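The values are calculated or read from the model by the stated rules, or taken from the named source; none is laboratory data. Since this is a predicted model, take the numbers as computed values, not measurements. Here the Cβ positions follow ideal geometry from the backbone for every residue, glycine too, while neighbour counts run over all protein chains shown.
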Amino acid sequence: MNKFDLSTYFVGAGGKILSRVEVEENLSNQHEFNGVSSLKHLLGEQRTTFSSVFLYMSDDSFSEPIIRDTGTLTWYDAREAHPTRSEFRLYFSSNKVMDEACAGDYLVIALRTDGTLVTILTPSESDICSYISTLFDLKIDNKFSISSHKYNKILTYSKKLILDALGIEVYNNESKYLTEMLRIFNGDFPSTKVFSEYARSTLNEIDGKSNADSAVLKWMEREEGLFRTLERFFVDDRIKDGFSSTDEFLSYALSILNRRKSRVGHALENHLEQIFISRDLKYVRTCVTENKSRPDFLFPSASAYHDQNLDAEFLTMLGVKTTCKDRWRQVISEAARIKSKHLLTLEEGISEGQTDEMISHNIQLVVPEPLHDTYTAKQQKWLMTLEQFIELVQDKQDRFIVLYPHY
């Protein structure tokens with residue numbers, strides 16, 4: 001997986017859980033964050049008004065628009081005239097993000113290298129809170145935890161989504177392939193299947209026949225780099241032409257975001273399919289089961305699934321979600337004949353509460369092995385790697401062929 005230097009974008013950050021007095025106007029209307037003295041290491045000791053982007057992010061932010069606004073944060077010593085005492089405060093301007101804030105939300109204040117701030121609020125019990133605190137190396141506590149960034153971070157899919165929300169695009173610039181892509185694709189975006197095939201063709205040393213966990217991540221990383229390179233070329237070209245109205249610009253920006261979200265899910269399925277083909281697994285993609293459900297992958301075939309005389313032990317289904325959020329529950333109702341279902345995701349560090357709920361619904365989470373260390377020790381004992389999933393399906397398939405040779 002990619003690494004990136006967070007210090008390229010941020011000097012440091014502080015984070016804490018908000019108290020009632022900080023956000024409930026019936027208790028206080030001072031618009032100030034409490035317990036901020038430790039921020040001196042980050043913001044200095046001079047009175048300063050910082051421009052800030054304010055973001056309210058939740059687990060829905062992976063699929064729904066993020067609440068955002070701009071404003072200011074004023075850092076000052078309320079006792080600057082006192083010869084021996086200081087009392088630093090951080091005043092925030094009114095904005096729609098702070099209007100959403102609740103006691104118990106987690107606050108992150110991050111200082112950009114350009115001297116501006118990013119202020120992020122998120123429910124403290126959410127998965128995205130865990131991702132943000134991990135990104136900035138902060139503790140989730142009632143007092144400010146401070147960190148500075150002078151090191152590389154592993155760039156996982158969830159971290160990319162957070163950075164995208166902050167307006168920071170971190171991806172491999174694959175400009176050496178741009179001319180070739182424009183020629184092959186006739187100056188347009190190809191279908192997701194064609195684009196995934198092209199991405200794999202640029203990594204000939206990877207065939208998916210061994211170490212599937214590593215292969216799928218490398219293919220996804222390469223495809224994203226190629227896609228963002230091609231996208232940037234088209235977007236820059238479109239911006240040069242200008243827009244006739246704000247609505248036209250917003251419509252174009254929304255189409256970009258929707259295309260990104262749609263393509264990443266299809267890309268993951270495309271690369272998994274190539275791995276299954278290379279391992280000679282029998283499968284069908286998005287076939288109809290009960291109630292018009294369409295599981296992403298069904299093993300070994302649709303006809304086998306619908307044959308009520310066939311032992312359901314030999315059937316396997318795999319749902320595929322780049323991020324789980326609440327959407328993992330969709331898998332529960334898919335392929336009713338299969339009691340124990342499998343779900344593959346690239347999301348790291350899902351909370352134990354969610355994985356415990358998955359277990360209660362007989363859903364086995366499949367996560368590429370390099371992402372396992374983002375989960376707790378308890379969860380890691382339960383998680384399945386992609387290789388382990390393939391071995392399970394292969395074993396079922398071998399026994400299936402013996403018992404049901406006519407298939």
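When every residue of segment 395-407 is checked against the conditions, at least one turns out to be in contact with a strand residue (DSSP E or B) (Cβ under 8 Å, 6 or more places away or on another chain) and not assigned by TED's automatic domain parsing to the domain that holds T156. Answer yes or no: is there a residue in segment 72-80 that is surrounded by fewer than 19 Cβ atoms within 10 Å (Cβ to Cβ), modelled with pLDDT of 90 or more and over 26 Å from the mean Cα position of the chain (by Cα). Yes, segment 72-80 contains at least one residue that is surrounded by fewer than 19 Cβ atoms within 10 Å (Cβ to Cβ), modelled with pLDDT of 90 or more and over 26 Å from the mean Cα position of the chain (by Cα). Listed by position, the strands (runs of 3 or more DSSP E) contained in segment 84-198 that have at least 1 residues being modelled with pLDDT under 90 and under 22 Å from G14 (Cβ atoms) are 88-92, 145-148, 152-154. Scanning segment 300-334 for residues that are in contact with a Gly (Cβ under 9 Å, 6 or more places away or on another chain) and part of a loop (DSSP other than H, G, I, E, B) returns T322, E334. Taking the residues in segment 348-380 that are in a loop (DSSP other than H, G, I, E, B) and at pLDDT below 95 as candidates, determine which candidate is farthest from A212 (Cα to Cα). Only one residue fits best here, namely S351. Looking at E224, is it under 21 Å from V367 (Cβ atoms) and in contact with a strand residue (DSSP E or B) (Cβ under 7 Å, 6 or more places away or on another chain)? Answer is no for this residue.
Based on what the data block shows, is T355 surrounded by 21 or more Cβ atoms within 10 Å (Cβ to Cβ) and in the same structural domain as E369 (by TED's automatic domain parsing)? So T355 does not fit the description; no.
Being touching a residue at least 60 places away in the same chain (Cβ under 8 Å) and surrounded by 14 or more Cβ atoms within 10 Å (Cβ to Cβ), is that true of even one residue in segment 180-190? Within segment 180-190, one or more residues are touching a residue at least 60 places away in the same chain (Cβ under 8 Å) and surrounded by 14 or more Cβ atoms within 10 Å (Cβ to Cβ). Out of the residues in segment 201-226 meeting the condition of being without any contact (Cβ under 8 Å) to a residue 40 or more places away in the chain and of a type in the set (A, V, I, L, M, F, W, C), tell me which one is nearest to L161 (Cα to Cα). Going through the qualifying residues, I end up with L203.
Scanning for something surrounded by fewer than 20 Cβ atoms within 10 Å (Cβ to Cβ) and under 17 Å from the mean Cα position of the chain (by Cα), does segment 228-236 turn up at least one residue? Yes, segment 228-236 contains at least one residue that is surrounded by fewer than 20 Cβ atoms within 10 Å (Cβ to Cβ) and under 17 Å from the mean Cα position of the chain (by Cα). Could you tell me whether S61 is buried (at least 18 other Cβ atoms within 10 Å of the Cβ) and modelled with pLDDT under 85? So S61 passes the test.
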